[in-house]
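Read through the structure below, which is laid out as structure tokens, and then see the notes.
Taken together, the values in this text are just the output of simple stated rules run on the coordinates, not laboratory data. Please read these numbers as outputs of a predicted model, since none were measured by experiment. With ideal geometry, Cβ positions are generated from the backbone for all residues, glycine too; neighbour counts draw on all protein chains shown.
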Amino acid sequence: MTPALDLLKKVRAEHRIHSYEHDPKAASYGLEAAEKLNLPPAQVFKTLLASTEKGELLVAVVPVVGSLDLKALAHAAGAKKAEMADPAAAQRATGYLLGGISPLGQKKRLRTFIDETAQPFATIYVSAGRRGLEVELSAAVLAHHTQATFAQIGRE
């Protein structure tokens with residue numbers, strides 16, 4: 001179990017766990033998850049951390065088929081600018097290793113933003129806290145348990 005799955009179990013949130021054999025040579029962890037679980041890539045989301053000009057860490061959940069629009073994230077967060085967070089800082093703040101960072105069950109509660117393209121799907125897939133482990137849940141459940149805001153933060 002991971003902190004993300006422990007949290008979902010504790011709050012009795014509806015979710016399903018999906019696992020696959022992770023290939024350490026995979027170029028993209030998110031695309032690997034979509035491919036190995038035979039999922040539409042637009043429905044699989046990656047968790048990225050960014051840092052504002054004031055040093056605040058932000059969590060961004062965007063589709064694996066696109067990228068994070070740092071300007072849009074900064075705007076959504078009310079910051080002047082944002083850049084990708086230092087990997088070591090991301091791991092320290094979340095308690096997860098890169099490639100397995102889940103938006104759920106992080107060590108520190110960070111402001112979280114989910115790309116609005118998640119909303120039309122009945123369920124989406126995000127990391128369950130370990131490479132090779134995904135959790136399927138509704139975007140609304142994810143937003144509720146991360147206190148996230150939906151915003152247009154991704155780009156194709």
Quiz item: Can you list the residues, at least 5 places off or on another chain, whose amide H is less than 5 Å from the amide H of Ile124, using H built in the peptide plane?
Solution: Leu137, Ser138, Ala139
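Express the C-alpha Rg of the chain as a ratio against the empirical globular expectation 2.2 N^0.38 Å, rounded to two decimals. Please list the in-between numbers first.
Details: Rg = 14.1 Å, N = 156, 2.2 N^0.38 = 15.0 Å.
For the chain, the normalised Cα radius of gyration comes out at 0.94.
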Quiz prompt | Kirkwood Rh (inverse of mean 1/r, distinct Cα pairs), the range 111-154, angstrom | solution = 10.8
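Which of Leu48, Leu37 comes first, and how do the rest follow, when ranked by fewest Cβ neighbours within 10 Å?
On the way: Leu48 22, Leu37 14.
Placing the least packed residue first, the sequence is Leu37, Leu48.
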Exercise. Please report how far the C-alpha centroid of the range 1-30 lies from that of the range 80-156, rounded to the nearest whole angstrom.
Key: 12
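Between Glu116 and Lys81, what length in nm is gained on full extension when 0.36 nm per residue of separation is reduced by their alpha carbon distance?
Details: separation 35, 0.36 × 35 = 12.60 nm, distance 2.01 nm.
Length gained between Glu116 and Lys81: 10.6 nm.
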Exercise. Would you mind ranking Phe150, Phe121 by Cβ crowding within 10 Å, fewest neighbours first?
Key: Phe121, Phe150
Exercise. Filter the cross-link list Lys46/Lys80; Lys54/Lys81; Lys10/Lys107 down to pairs whose alpha-carbon distance in this structure exceeds 18 Å.
Key: Lys46/Lys80
Exercise. Once you have the Cα-Cα distance between Thr123 and Ser67, take 0.36 nm times their residue separation minus that, and quote the gain in nm to one decimal.
Key: 18.1 nm
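Looking at the chain, what % of its DSSP beta bridges pair antiparallel, to the nearest 5? Let's see the in-between values first.
Details: 21 of 29 bridges.
Counting only bridges with both partners in the chain, antiparallel ones make up about 70 percent.
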Quiz item: How do Val64, Val126, Val11 rank when sorted from fewest to most other Cβ atoms within 10 Å of their own Cβ?
Solution: Val11, Val64, Val126
Quiz item: Can you list the HN-Hα couplings for the range 21-27, worked out from phi with the Karplus curve (6.51, -1.76, 1.60; θ = phi - 60°), rounded to whole Hz and with x for Gly and Pro?
Solution: 7, 6, 9, x, 8, 4, 6
Quiz item: Got a sec to turn the phi values of the range 50-61 into Karplus ³J(HN,Hα) couplings, 6.51 cos²θ - 1.76 cosθ + 1.60 with θ = phi - 60°, whole Hz, x for Gly and Pro?
Solution: 10, 10, 7, 5, 8, x, 6, 7, 10, 9, 10, 10
Exercise. Compute the Kirkwood hydrodynamic radius of the range 1-79, taking the inverse of the mean of 1/r over all pairs of distinct Cα atoms, and give it in Å to one decimal.
Key: 14.7
Self-check item: Dipole magnitude of the chain, debye to nearest 20 (Cβ charges: Lys/Arg +1, Asp/Glu -1, about Cα centre)
Solution: 560
